[in-house]
1. Collect the residues in the stretch 286-310 that are open to solvent by less than 70 Å² (accessible area, probe 1.4 Å) and either farther than 26 Å from residue 239 by Cβ or not hydrophobic (A, V, I, L, M, F, W, C) (or both), keeping them in residue-number order.
2. Regarding the stretch 74-84, can at least one residue be identified that is in a helix (DSSP H, G or I), out of contact with any strand residue (DSSP E or B) (no Cβ under 9 Å at 6 or more places or on another chain) and open to solvent by less than 50 Å² (accessible area, probe 1.4 Å)?
3. For residue 41, are the conditions met, namely being modelled with pLDDT of 90 or more, more than 30 Å from residue 276 (Cβ to Cβ) and surrounded by 10 or more Cβ atoms within 10 Å (Cβ to Cβ)?
4. How many residues are surrounded by fewer than 16 Cβ atoms within 10 Å (Cβ to Cβ) and part of a loop (DSSP other than H, G, I, E, B) when one looks only at the stretch 206-219?
5. Criterion first (surrounded by fewer than 20 Cβ atoms within 10 Å (Cβ to Cβ) and under 17 Å from the mean Cα position of the chain (by Cα)) does residue 283 satisfy it?
6. Restrict the check to the stretch 237-249 and report whether at least one residue is more than 21 Å from residue 309 (Cα to Cα), part of a helix (DSSP H, G or I) and hydrophobic (A, V, I, L, M, F, W, C).
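The values are calculated or read from the model by the stated rules, or taken from the named source; none is laboratory data. Model, not experiment: these values are computed from the prediction. Ideal geometry is used to build each Cβ from the backbone, glycine not excepted, and the neighbour counts take in all protein chains shown. Only protein heavy atoms, including side chains, enter the accessible area calculation; ligands, DNA and RNA are left aside. Shrake-Rupley method; radii C 1.70, N 1.55, O 1.52, S 1.80 Å.
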Amino acid sequence: MSTPTLAPAVPPAPAATAVPTRKRRYRPAEIAISVAFLLPSTAVYLIFVFYPLARTLWLSVHGTDIFGATTDFVGLDRYVEFFTEPRLRRVLFTTALFSTVTVLPTLLLGLLLALSLQAKVRGISFFRTFMATPFAFSAAAAAVVFDIFYSPSVGVFNGLLSSLGLPVVEWLTNPATALPSLAVVSVWRDLGYAMLVFSAGLQAIPDEVLEAARIDGAGRWTLLRRIVLPLLTPTMFFLLVVSTISSLQTFGEINILTGGGPDGATTTLVYSLYQSAFAFGGSDYGLASVQAVVLLGLVMLITVIQFRVLQRRVHYG
């Protein structure tokens, strides 16, 4: 009986060595074309963003004469003046209050409208378009319409109160009701946008997920609380950030309806900036620039807080 011979061991193949890749060197013509495409947008940003920002910072640390020309360097004195003057502290409080009473109702009502308009019935697209119509109104147009509604003598709202035997309300001339009245205008105008964004978020939820939950016995409330709302958190977060920034910059409704009154009850930071620099022959560009810098810092601070605190609660699918 012959002994089997063993096959010689085959040495392992040498590992393939990685060939270093060389970075592609762009030709001068390609670089020139790229720069040419970037120049228009760069010029626009330099002229309309970076230069105004640098000019604002420069004016905020300089004094100004009655004609608005810069005088001597004052450092942070205007910032100290802003934060120590009681009227300006009230402006900050009014700005925060106005943002609160406009952003939260806009998001809540927009979500409720979007949920109610998801029903698959005939003519639902007409109602969606109708409810989104206020979004097409400018701030000036919305303010003019509500100026008629709020008129103390011939206004629609006071006419309804009179027909019910109730006393009329000084909507825009009473410090207690002026700010809520402005908030109603802002909410009405922004409600259509919030509804459209929420509707897009609801339509992006897969039907298979909802159908599987229904098969497992989930009711309407459980479906909304456990599935729909968590999957809508990216949309909610987006609307919260955008609506907050927009509310902090509200100007048109205030300028047309109340002019910051009565007794400064509706003077927000943006409108106070306008009063300092332009209204009634004002030319205190230094104080106005300080308020612009504070507004920028406030927007950045609130946005950072929202991202740090709320983004961890957002479910991205």
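1. Passing the criteria: 286, 287, 288, 289, 290, 291, 293, 297, 303, 306.
2. The answer is yes; a qualifying residue exists.
3. no
4. 4
5. Spelling it out, it is not the case that residue 283 is surrounded by fewer than 20 Cβ atoms within 10 Å (Cβ to Cβ) and under 17 Å from the mean Cα position of the chain (by Cα).
6. no
This table checks each residue for (1) open to solvent by less than 10 Å² (accessible area, probe 1.4 Å); (2) at pLDDT 90 or above; (3) assigned to a helix (DSSP H, G or I); (4) β-branched (Val, Ile, Thr).
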site	(1), (2), (3), (4)
147	no, yes, yes, no
151	no, no, no, no
166	no, no, no, no
183	yes, yes, yes, no
187	no, yes, yes, yes
194	yes, yes, yes, no
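Residue by residue, here is whether (1) open to solvent by 100 Å² or more (accessible area, probe 1.4 Å); (2) modelled with pLDDT under 85; (3) within 29 Å of the chain's Cα centre (by Cα) holds:
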{"site": "7", "(1), (2), (3)": "no, yes, no"}
{"site": "14", "(1), (2), (3)": "yes, yes, no"}
{"site": "49", "(1), (2), (3)": "no, no, yes"}
{"site": "53", "(1), (2), (3)": "no, no, yes"}
{"site": "65", "(1), (2), (3)": "no, yes, no"}
{"site": "88", "(1), (2), (3)": "no, yes, yes"}
{"site": "92", "(1), (2), (3)": "no, no, yes"}
